[in-house]
Amino acid sequence: MTKQSVASFSWCHDAAQEDALCKLYLDNVSPDYISHSELQGERAESPGNWRADLPEVIRGEIRAALSHDWAHGDSSLLAVATVDGAIVGMALVSIDTRQRAAKSFAALDDLVLHPDARGSGTGTALVEWVAGELRSHGIARLFLECGAHNLNAQQFFKGRGFQQVSVVMLRELNEDSEDSKDGEGANHG
């Protein structure tokens with residue numbers, strides 16, 4: 001991808017792109033990418049450690065998102081950035097369908113760019129395209145989360161108007177964890 005190439009954006013429903021999307025994801029996320037949703041879902045086994053079956057999990061998520069669209073009120077959508085017909089970025093988006101919050105919202109579950117697209121403005125443009133699409137469908141808020149060590153992503157999103165609204169913490173409760181060995185809180189009775 002050259003700096004002069006212009007990306008285009010769309011919701012992707014093309015099942016023929018499944019392999020390319022899986023490859024884009026799997027080739028471009030490091031263990032630093034892991035945040036609490038990867039731990040609460042099927043993607044990661046612990047902070048910094050992907051599950052061995054991550055390729056199958058991602059394939060299933062991408063396959064499901066490719067079959068969803070706005071017209072059917074689906075809760076999971078997949079946006080792509082393409083340059084010269086090649087996918088250079090993807091965004092998995094979840095729409096809140098319960099509608100219990102004070103304002104309607106969606107979550108940017110994943111934003112993945114090919115390394116050649118980084119620094120070209122494609123990531124910013126993809127985020128803005130998704131935000132515009134959500135806005136046009138009455139969505140008022142867009143949430144996302146970043147892994148604690150994914151500092152580049154945190155800076156990227158702060159620079160695009162996202163603000164920190166919470167801190168998610170984890171404590172392992174199995175008997176072998178370091179937290180249970182320090183003696184603090186050992187008396188529970």
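The values are calculated or read from the model by the stated rules, or taken from the named source; none is laboratory data. Computed from a predicted model, the values in this text were never measured in an experiment. Neighbour counts are summed over all protein chains in view; Cβ atoms, including those assigned to glycine, are modelled from backbone coordinates with ideal geometry. Heads up: the accessible areas ignore ligands, DNA and RNA and are worked out on the full protein's heavy atoms, side chains in. Shrake-Rupley method; radii C 1.70, N 1.55, O 1.52, S 1.80 Å.
Taken together, LEU77, LEU21 contain a single residue that is touching a His at 6+ places or on another chain (Cβ under 6 Å) and closer than 26 Å to ALA125 by Cβ, which is LEU77.
Within region 154-174, track down each residue that is open to solvent by 100 Å² or more (accessible area, probe 1.4 Å) and part of a loop (DSSP other than H, G, I, E, B). Selection gives GLN163, GLN164, VAL165, VAL167, MET169, LEU170, ARG171, LEU173. Of all the residues in region 118-153, those that are part of a helix (DSSP H, G or I), of a type in the set (S, T, N, Q) and surrounded by 17 or more Cβ atoms within 10 Å (Cβ to Cβ) number 1. Among the residues that make up region 124-133, is at least one of them under 21 Å from GLU18 (Cβ atoms) and out of contact with any Lys or Arg (no Cβ under 8 Å at 6 or more places or on another chain)? Yes, the conditions are met somewhere in region 124-133.
Taking region 1-117 and the strands (runs of 3 or more DSSP E) fully enclosed by it, the elements with 2 or more residues that are in contact (Cβ under 8 Å) with a residue 24 or more places away in the chain and loosely packed, with under 15 Cβ neighbours inside 10 Å are at 8-11.
Being farther than 23 Å from ILE34 by Cβ and of a type in the set (Lys, Arg) is a property that holds for ARG141.
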